[in-house]
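What follows is a short report on a single structure.
Nothing in this text is a laboratory measurement; each read-out follows from the coordinates by a stated rule. All figures in this text were calculated on a predicted structure; none of them were measured in a lab. For neighbour counting, all protein chains shown are included, and Cβ atoms are generated from backbone atoms with ideal geometry for every residue, glycine included.
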């Protein structure tokens, strides 16, 4: 049996010429594993995956962007 549940949140805004988006995804995993020789064990954990997106507009139609996600 394997169950994975996820929840995601996002916040965005601007500060002068800087735009930002901050996100966080949380995943809960529960998995039963049965092996003939080693027996039974399970995985029961939370994992977190952050994201960040930044943009800067120095003027005109130009824009510089940078992102990170895991």
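Quick notes on this structure:
- Among the residues of segment 4-17, at least one is surrounded by 11 or more Cβ atoms within 10 Å (Cβ to Cβ), without any contact (Cβ under 8 Å) to a residue 24 or more places away in the chain and more than 30 Å from residue 58 (Cβ to Cβ).
- Residue among 56, 68 that is without any contact (Cβ under 8 Å) to a residue 40 or more places away in the chain, part of a strand (DSSP E or B) and under 22 Å from the mean Cα position of the chain (by Cα): 68
- Unique residue being surrounded by fewer than 10 Cβ atoms within 10 Å (Cβ to Cβ) and in contact with a strand residue (DSSP E or B) (Cβ under 8 Å, 6 or more places away or on another chain) when the list is 20, 48: 48
- Test: residue in segment 23-34 that is surrounded by 10 or more Cβ atoms within 10 Å (Cβ to Cβ), more than 15 Å from the chain's Cα centre (by Cα), assigned to a strand (DSSP E or B) and without any contact (Cβ under 8 Å) to a residue 12 or more places away in the chain: yes
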